[in-house]
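See structure below.
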Amino acid sequence: YLDWAALRPMSEIEFEKIADNFEEVKKYIGVRLYNKEYIDYVGKEFTIGKDFEGDIYSMLVFDFPHSIASIKPEQINKWEKSIDELFEIGLQNIKDKYPLTITKENFNVFDIWFANSDNFFTPNIVYDLENRKELRGSKGLLIGIPHRHSAIIYPIENLEVVKAINGIFPAIYNMNVEGPGSLSNKVFWYIDGTFTEIPYKMEDGKLQLFPPDNFLQLLNELT
């Protein structure tokens, strides 16, 4: 027996009837990462979110079976929950709904960890790095989230990272250009819970790196 009504996408009118009831709507709450250009286009004042890092914005959304909608500031007034509480619920909901498969892939002369999925929430792995023991590098990680379906992660252990930089940065740049659902061409160094952007340029297919002082110091210390 199939309940066809339950399978039908919930209409806006149906949802409005329960929108003020937090216990009814909390299962739909999620967190999704967007490029800030998109947020500027729709109007940041109409969203609830946090600047993540670089050009990335982390936004509270309703994750329905067939659509994703932003949560408007006025919608949370009756919930009596802080934004931090809502983010915690949203991140856990997405983690529970969309378990991530991460595989080790050979990338030229080094290995990377690659997350890929059909859903729009693969980049949320940035919130779960501390729980992924296989991803830990003694000197941190390089990580890029070029579009909504993929993440590339490289654990830093030694000077092999120089070869990795020359392969990973162009790959993330090109994946971001190709999409679909382009998110960011930035590459970050993650260590001790902190993300640091490593600025770069791609010109005529050549990589120009502008590492911040702390990352440059790391490279100088590696053997």
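Things worth noting here:
- From the options 95, 104, 133, residue that is within 13 Å of the chain's Cα centre (by Cα) and open to solvent by 90 Å² or more (accessible area, probe 1.4 Å): 95
- Sole exception among (1) at pLDDT 95 or above; (2) β-branched (Val, Ile, Thr); (3) surrounded by 17 or more Cβ atoms within 10 Å (Cβ to Cβ) for residue 83, by number: (3)
- When region 159-206 is filtered for residues that are crowded, with 19+ Cβ neighbours inside 10 Å and either charged (D, E, K, R) or touching a Ser or Thr at 6+ places or on another chain (Cβ under 7 Å) (or both), the ones remaining, listed by number, are 175, 176, 186, 188, 189.
- The lone exception for residue 38 - which of (1) more than 13 Å from residue 70 (Cα to Cα); (2) not aliphatic (A, V, I, L, M); (3) not in a strand (DSSP E or B) it fails: (1)
- Pairs where the first residue, in region 156-169, is in contact (Cβ under 8 Å) with a residue 40 or more places away in the chain and the second is polar (S, T, N, Q), C-beta under 8 Å, 6+ apart: 156/138; 158/223; 159/223; 163/108; 167/108
- Once region 107-130 is narrowed to residues that are within 24 Å of residue 223 (Cβ to Cβ) and not in a strand (DSSP E or B), the residue that is least open to solvent (accessible area, probe 1.4 Å) is 109.
- Enumeration of residues in region 11-45 that are in contact with a Ser or Thr (Cβ under 9 Å, 6 or more places away or on another chain) and modelled with pLDDT under 95: 42
- Of all residues making up region 65-95, the number that are part of a helix (DSSP H, G or I) and hydrophobic (A, V, I, L, M, F, W, C): 7
- The conditions of being of a type outside the set (A, V, I, L, M) and either without any contact (Cβ under 8 Å) to a residue 12 or more places away in the chain or touching a helix residue (DSSP H, G or I) at 6+ places or on another chain (Cβ under 9 Å) (or both) are met by residue 107.
- Single residue of region 46-80 satisfying the filter (over 15 Å from the mean Cα position of the chain (by Cα) and of a type in the set (Phe, Trp, Tyr)) that is modelled with the lowest pLDDT: 64
The values are calculated or read from the model by the stated rules, or taken from the named source; none is laboratory data. As the structure is a prediction and not an experimental result, all values here were calculated from the model. So basically every Cβ, Gly included, is an ideal-geometry build from the backbone, and we count neighbours across all protein chains shown. Ligands, DNA and RNA are excluded from the accessible area calculation, which covers all protein heavy atoms including side chains. Shrake-Rupley method; radii C 1.70, N 1.55, O 1.52, S 1.80 Å.
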